[in-house]
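Since the structure comes first, as structure tokens, the remarks are kept for the end.
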Amino acid sequence: MELARSLHACGSPAYELDWEMEQVAASLGHEASFFSTPTALFVTFGGSETRLLRVYPSDTDLGRYAALFELQRAIQDEQVGVAEAWDRLALINEMGDGYGPAIQIAAQGGVAACISVLVGGDGTVVLAAGVIGLIVGIVVAWMNHQRHQAHLINLVAGFVASSIACGVQAFVGPGNFEVASLSALILLVPGLHLTISINELATQNWASGSARFAGAMTTLLTIVFGVSMGYGLVQAFRPVPPSLPLHSPDIFASALVLVPIGLCVAVTFRTRYRDIPWLLASTLVGYGALRLAGTTFGPFASVGIASFVAGVTSHFASNRLGIPTAVMLLPALLLLVPGSLGFSGLSQIMVQEDLPRGIRLTVTMMLTAVSIVAGLLLTDVVVSPSDKPSPEED
């Protein structure tokens, strides 16, 4: 039960957690059934005794998740006894993040600047996005230290990012406050949670999938509401001029920022130092597959192909290197997830009051998420169909 709680805290989705923990229980000589949601974990032993654990959603921690993965495999292979496994679990849960607050703040600014390059921002937008990302990183770190609730942090971060971006555009010079704000907030936008929720629904984990989807949309709405407040504040003092159009992203510049993005994502996901090379490799593979497929196929097919390639690569690395598939899969998906589309769609509705375009972008977000999930489901069929559980309704 404590191992399940720890894996849940690291961001393990329901379709992996329930199956894996039932295998662990069987290797310890117990018949157990696990049922997880984002806020609760039910465990039934022997078909009679049922226990409930109250759990809370948290940020992805790939370093701790990899250590728990190794412990889980050691238990299943009967390499450790229960007493030793308990001691190792306690040590894993006491692990630090491995990266100090200053490095995490710098990673927030680095990701913001690099993402603005990927979407075609000019020098002014890239500089503004990087500076705003650093400020948002400081605000988020301070509010986390003060133990404020996540939705309040998202609201304040959206307000701060939008206020500064709109202020620069209104008082300093032309730019694109939407891209600057989005780039600075990209690590808070729940695109990855949205994709996981669609995957859980696709694998018939109805309770966990619907709850995670509702949580992701609530987070997105909270961020966009903060952005709308920031825009309204600046607009009250001076009209915000129209944003400059984006340029087509340069492929050479995009290739240059992939490694910095991977390093910043490694910090954000608290990846172990020895796993960083594999994380960087997955970032290059995922984005490379997306650009290569885009030369022949449409946008949705390209995203599905890229997620399939990322899934196959992560499974292959997991089997050969003994690391969790998440170490390589999540960073690759981060460049594919549709959170930015959802952010843009809702901001068009709430900030620009452009309902048709906002609805179109929101629908595109959902279709992109479905494309990613289709690639991941195809991965499960191709890679190791015999190792996957047959889905059961919640």
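Could you grab the pairs with beta carbons closer than 9 Å, sequence gap of 6+ or different chains, first residue in the range 5-23 and farther than 14 Å from Gly63 by Cβ and in contact (Cβ under 8 Å) with a residue 24 or more places away in the chain, second one of a type in the set (Lys, Arg) and part of a helix (DSSP H, G or I)?
Final answer for the pair search is Pro13/Arg212; Ala14/Arg212.
Pull up the range 86-102, narrow it to residues that are small (Gly, Ala, Ser) and either free of Cβ contacts under 8 Å to residues at least 40 places away in the same chain or farther than 13 Å from Ala67 by Cβ (or both), then point me to the one that is surrounded by the fewest Cβ atoms within 10 Å (Cβ to Cβ).
Of everything passing the filter in the range 86-102, Gly96 is surrounded by the fewest Cβ atoms within 10 Å (Cβ to Cβ).
Between a first residue in the range 344-362 that is β-branched (Val, Ile, Thr) and a second residue that is open to solvent by less than 70 Å² (accessible area, probe 1.4 Å) and at pLDDT 75 or above, which pairs have beta carbons less than 6 Å apart while being 6 or more apart in sequence or on different chains?
Listed by first residue and then by second, the contacts come to Ile349/Gly358; Val351/Ser228; Val351/Tyr231.
Going by what's in this entry, would Gly345 be described as part of a helix (DSSP H, G or I), open to solvent by less than 10 Å² (accessible area, probe 1.4 Å) and at pLDDT below 85?
On the way: part of a helix (DSSP H, G or I): yes; open to solvent by less than 10 Å² (accessible area, probe 1.4 Å): yes; at pLDDT below 85: yes.
Criteria met by Gly345.
Looking at Ala67, Ala85, can you tell me which residue is modelled with pLDDT of 90 or more and either more than 23 Å from the chain's Cα centre (by Cα) or under 30 Å from Val160 (Cβ atoms) (or both)?
Numbers: Ala67 fails: either more than 23 Å from the chain's Cα centre (by Cα) or under 30 Å from Val160 (Cβ atoms) (or both).
Every option except Ala85 fails the conditions.
Across the range 217-232, what is the total count of residues that are open to solvent by 30 Å² or more (accessible area, probe 1.4 Å) and in contact with a Cys (Cβ under 8 Å, 6 or more places away or on another chain)?
Of the residues in the range 217-232, 1 are open to solvent by 30 Å² or more (accessible area, probe 1.4 Å) and in contact with a Cys (Cβ under 8 Å, 6 or more places away or on another chain).
Quick check: anything in the range 54-67 farther than 18 Å from Thr268 by Cα and out of contact with any helix residue (DSSP H, G or I) (no Cβ under 9 Å at 6 or more places or on another chain)?
Scanning the range 54-67 turns up at least one residue that is farther than 18 Å from Thr268 by Cα and out of contact with any helix residue (DSSP H, G or I) (no Cβ under 9 Å at 6 or more places or on another chain).
Here is a list of conditions, (1) without any contact (Cβ under 8 Å) to a residue 40 or more places away in the chain; (2) under 19 Å from the mean Cα position of the chain (by Cα); (3) over 22 Å from Ala289 (Cα atoms), and Thr325 meets all of them except one; can you say which number that is?
(3)
Matching residues to (1) in contact with a Phe, Trp or Tyr (Cβ under 9 Å, 6 or more places away or on another chain); (2) assigned to a helix (DSSP H, G or I); (3) modelled with pLDDT of 85 or more; (4) crowded, with 21+ Cβ neighbours inside 10 Å:
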residue: Gly262; (1), (2), (3), (4): no, yes, yes, yes
residue: Leu279; (1), (2), (3), (4): yes, yes, yes, yes
residue: Thr283; (1), (2), (3), (4): no, yes, yes, yes
residue: Tyr287; (1), (2), (3), (4): no, yes, yes, yes
residue: Gly304; (1), (2), (3), (4): yes, yes, yes, yes
residue: Gly311; (1), (2), (3), (4): no, yes, yes, yes
residue: His315; (1), (2), (3), (4): no, yes, yes, no
residue: Arg320; (1), (2), (3), (4): no, yes, yes, no
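Starting from the range 145-167, keep only residues that are in contact (Cβ under 8 Å) with a residue 60 or more places away in the chain and at negative phi, then list their pairs with residues that are open to solvent by 70 Å² or more (accessible area, probe 1.4 Å) and not in a helix (DSSP H, G or I) whose Cβ atoms are within a distance under 9 Å, requiring at least 6 positions of separation or different chains.
Going by the 9 Å Cβ cut-off, the qualifying pairs are Ala150/Pro57; Val156/His148; Gly167/Arg238.
The values are calculated or read from the model by the stated rules, or taken from the named source; none is laboratory data. Quick caveat, the model's predicted, so the values are computed rather than measured. Positions of Cβ are backbone-derived with ideal geometry, glycine not excepted, and every protein chain shown enters the neighbour counts. When the accessible area is computed, the model is the full protein with side chains, heavy atoms only, and any ligands, DNA or RNA have been set aside. Shrake-Rupley method; radii C 1.70, N 1.55, O 1.52, S 1.80 Å.
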